[in-house]
Amino acid sequence: MGFWWAIAIAVAAAATVRFAPVIPRRWRVLASLAVLLLVVCWMPFTVGTFKTSQMTTVATWGIVAIGLNLLTGYNGQISLGHGAFVTIGAYAVAILTDSKEHLGFVDASAWPFWAAIVAGGFIAAAFGFAVGVPALRLSGPYLAVASLGLVIALPPVLAKYDGLTGGRLGIREPQPPPPGFLADLLNRDQWFFFLALTTLVLMALLAWLIVRSRWGRAFIAVRDSEVAAMAAGIPVAQYKVMAYTISAFYGGIAGGIFMSTIGLITPESIGIILSINYFTAIVIGGLGSIMGSIIGGFVLVFLPDLSTDLATGIFGDRQGKQLWPTIYGAVLIGVIILMPHGIAGAVHRLSRLRPAHVAEAIHGLPKALRQTAERFSWAWDIRPGRGKGTGEP
Amino acid sequence: MDVLASLATALSSPAATFLAADPPWENPDLFFSQVVAGMATGSIYGLIALGIVLIYRSTDVINFAQGEMALFVTFVGWSMIQADVNYWIVFFLVLALAGAIGALVERTVIRPVEGGPVLNPVIVTLGLFVVFNSLTAFIWAQGQLPKGYPATPLGSHLKAVDLGFARITEHQLMVLVIAVIVMLALYLLFNHTKLGLAMRATAQNPQAARLMGINVGQMLMLGWALSAMVGAVGGILVAPILFLDLVTMLRVILFAFAAAVLGGLDSPPGAMVGGIIIGIVQNVASTYSFGPVFFGPELSLPVALLVLVAILLVRPTGLFGRRAVRRV
């Protein structure tokens, strides 16, 4: 079955369950998420190897996006340099799972895979803490530019100290095989997909718990007004550093998953463009929304493909292959103009839609059209003293 | 995007040449030449940074597309010069085109996201970055060699001029002169004309400005046009030095961002000063390598960024930026 048909089925099934009258109201959201997850679990068996590996990437970047959303969407600190934490997590896993005979000072025994992933998260979190403390001094665009420095500065450092990192060529690692009881059921790509998906679900659950806890409320209070949060007795600095640390932890875990599914990490694997794209993903997906972050990961992976298809459709095969970034950029701009609160925000508004609202909108349509026409009347009204700003009809 | 791969080379190339130079006290001429040449490069960073600052001051938007917009119009200029149009006619036509593009961008894609969530304009300018970059690639730079752009007719890029204490190329001298002219023109515009007063009022307090009868929308549009024009001057001046290809502006824009942040995002003179500081440090450090001496030349970029962050930690809004007053 085609990939986009499967996606359509997943969305339709989830939406149906979300509004199904037979299910008790309080269970509907949970049931619709369960249905969505079920369809997504079925997809790797039908959409083919390439799409499955792309979906693995969606899940991996989804983890990064959730972490970044905790920092930017919930806590209001901008980071364009989150790629650095992903790289750190990936390197940590690569180094820990290696037996490292060439390194006298590191324990020669290789770590088990899961322990290395978690350790990678904590190592990235330690770096996040180290960045989060000085980040307290900066805000807004200054923090954005300074954090971009992180992802620019890291690759030369990794390339230079090549004893641990393998220099420019990076580290190539054997990828973990599926555990015994799954070995017959899944092929390689499906195993990686379920590895990433399981991690994504666990991390999303953790994020949901954090957001609904005392910490999450403090994050949001700090975002909305630092001064007001301080006046309410919230230790602002502590929570800002905490948000940075947790967010880096997510980046590190995602880096570990990335490393184990790709099997290679180099200093340039997570570049500046990708790092900025994590940020784009959460804004397009929806700030302050966990589901929005995952949607952002989806957009990040599939929007280039979609815009290539669109570009080849419009400009023909040869030109389209060269012009796809133009479409990509235009779609980004269009989405953000039409959905100011991201895709998750638009879906949320759509789910609030009631038949009465639709009827009202249709009833008010002529008036709205007239108002729009009047708004743009300056464009064709060339008589002096008429048109925009004169207050006359 | 192949931007990614080329960016890596763009970032590593400035520090790639590693020369052992005489120390400054033995060869002061070389030292001062490097300082003045650094000022010239730095004032180009400063011009691009100035464009970023002009937009940030009036609309609180960081324009990530500043460099790519300048690159696009400079390529248009290159096409015109290939068609044997006079240099100065091209110069002013490119400026006019840049202004028109800036105004168009503000009117069509920036205005709809203004007043919405604060991060949305960032996404729009990132989208513009991709659009301009890919259009430039499609029209001029599809897998071709970098293109040469002529220096101003007043100063060749190859002939050196002796200032007594330093030797720089004629073009570098012209860059300094033009940067001073641009700064002077902006100073006169902002401080000695009614239009400039209106623009400053809009930047400071749009609501109050609107109540005073200023057409705020027009002022914002003008601000974007002005900023794009200043950026275009930077593009035209940097093209003879770096040659024109897709990554030309990526080399410049990162330093321009650093310059804008270093000087303070709401201070136009700060942008110029920040640019010149960065230009001098970059030039002198790559000549003498005393900055990254403990780390080797590969780490000059991380060390430079570390210095920038250290300065920001002492002055969180840059050297000349205004402290934001926070109210509940």
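Treat the count of other C-beta atoms within 10 Å as a stand-in for reagent exposure and order B:Thr125, B:Thr74 from fewest to most.
Exposure proxy ranking, most exposed first: B:Thr125, B:Thr74.
If packing is taken as the average number of other Cβ atoms within 10 Å across a peptide's residues, how do B:64-72, A:145-153 rank, most packed first?
Listed from highest to lowest mean packing, they are B:64-72, A:145-153.
What share of all Cα pairs of the protein assembly as shown, in percent, falls into each consecutive 10 Å distance bin?
The calculated distribution, bin by bin, is 3, 13, 23, 25, 20, 11, 4, 1, 0.
Under 5 Å between amide H atoms, partner at least 5 residues away or on a different chain: which partners does B:Lys147 have, H built in plane at 1.01 Å?
Excluding prolines and chain starts, which carry no amide H, the hits are B:Leu244, B:Asp245.
Treating only the Cα positions of chain B as identical point scatterers, give the base-10 log of I(q)/I(0) from the Debye formula at each q in 0.14 Å⁻¹.
Debye intensities relative to I(0), on a log10 scale: -1.16.
Find, to one decimal place in angstroms, the Kirkwood hydrodynamic radius of region A:115-221, where the mean of 1/r is taken over every pair of different Cα atoms and then inverted.
It works out to 17.7 Å.
Report the dimensions of region A:50-286 along its three principal axes from the alpha-carbon atoms, largest first, rounded to Å.
56, 41, 31
Can you check what the net charge comes to around B:Gly321, using other residues whose Cβ is under 12 Å from the Cβ of B:Gly321 (Lys, Arg +1; Asp, Glu -1)?
+3
Which angle from 0 to 90°, rounded to the nearest 10, does the C-alpha axis of helix A:342-351 make with the longest principal axis of chain A?
The helix A:342-351 is inclined about 60 degrees to chain A.
Could you please rank B:Trp78, A:Trp208, placing first whichever residue has the fewest other Cβ atoms within 10 Å of its Cβ?
So the residues, fewest neighbours to most, are A:Trp208, B:Trp78.
What does the highest-first list of B:254-263, A:30-39 look like by mean Cβ count within 10 Å?
B:254-263, A:30-39
Highest mean first, what order results for A:176-185, A:308-317 on Cβ atoms within 10 Å?
My ranking of the peptides, most packed first, is A:308-317, A:176-185.
How many partner chain Cβ atoms sit within 10 Å of a residue's Cβ in peptide B:256-268, on average, as a whole number?
Across B:256-268, the average partner-chain Cβ count within 10 Å equals 2.
Counting residues in region A:319-373 as N, plug N into 2.2 N^0.38 Å and put the Cα Rg over that result.
Normalised Rg, Cα atoms only: 1.62.
How tilted is helix B:66-82 with respect to the longest principal axis of chain B? Cα atoms for both, answer in degrees (0 to 90, nearest 10).
Tilt relative to chain B: about 70 degrees.
Roughly how large, in nm² to one decimal, is the mean projection of the convex hull of the alpha-carbon atoms in region B:227-282?
Approximately 3.8 nm², given one-decimal rounding.
In nanometres, what is the gap between the two model label sites at B:Gln142 and A:Leu202, each 7 Å from Cα along Cα-to-Cβ?
4.9
Which distance in nm do the two modelled labels at B:Gln218 and A:Leu306 give, with both placed 7 Å along the Cα-to-Cβ direction?
Result for the modelled spin labels: 4.1 nm.
Using only the alpha-carbon atoms, what does region A:1-47 span along each of its principal axes? Please give whole angstrom values in decreasing order.
Dimensions of region A:1-47 along the principal axes of its Cα atoms: 33, 14, 11 Å.
Is there a quick way to get the dipole size of region A:173-252? I mean about its Cα centre, with the Cβ of Lys and Arg at +1 and of Asp and Glu at -1; what is the value in debye to the nearest 20?
Dipole about the Cα centre, nearest 20: 380 debye.
Normalised by the empirical 2.2 N^0.38 Å for globular proteins, what value does the Cα Rg of region B:100-151 take?
Rounded to two decimals, the normalised Rg is 1.51.
Average partner chain C-beta neighbours within 10 Å, per residue of B:112-123?
The mean count of partner-chain Cβ atoms within 10 Å per residue comes to 6.
Once the convex hull of the C-alpha atoms of region B:122-173 is built, how many Å³ does it hold per residue, rounded to a whole number?
With only Cα atoms used, region B:122-173 gives 138 Å³ per residue.
I need A:Met339, A:Met259, B:Met219, B:Met199 ordered by Cβ neighbour count within 10 Å, fewest first.
A:Met339, B:Met219, B:Met199, A:Met259
Between rounded, prolate and oblate, where does region A:256-376 land on the alpha carbon gyration tensor, with a ≥ b ≥ c its root eigenvalues, rounded for a/c under 1.5, else prolate if a/b exceeds b/c?
oblate
Tell me the label-point distance for the pair A:Arg137, A:Ile9, using the 7 Å Cα-to-Cβ offset, in nm and rounded to one decimal.
With each label point 7 Å from Cα toward Cβ, the separation is 5.7 nm.
Dipole of region B:27-314, Cα-centred, from +1 at each Lys and Arg C-beta and -1 at each Asp and Glu C-beta, to the nearest 20 debye?
480
log10 I(q)/I(0), Debye, Cα-only region A:178-292, no solvent, q = 0.15, 0.20, 0.23 Å⁻¹?
-0.85, -1.21, -1.37
With Cβ to Cβ distances under 11 Å as the rule, what net charge do the other residues near A:Leu143 carry (K, R +1; D, E -1)?
So the environment of A:Leu143 carries a net charge of +2.
All of the numbers you see were taken from the coordinates with simple rules; none came from a lab. Everything numeric in this text was worked out from a predicted model, so none of it was measured. Don't worry about glycine lacking a Cβ; one is built from the backbone with ideal geometry, like all the others, and counts go over all protein chains shown.
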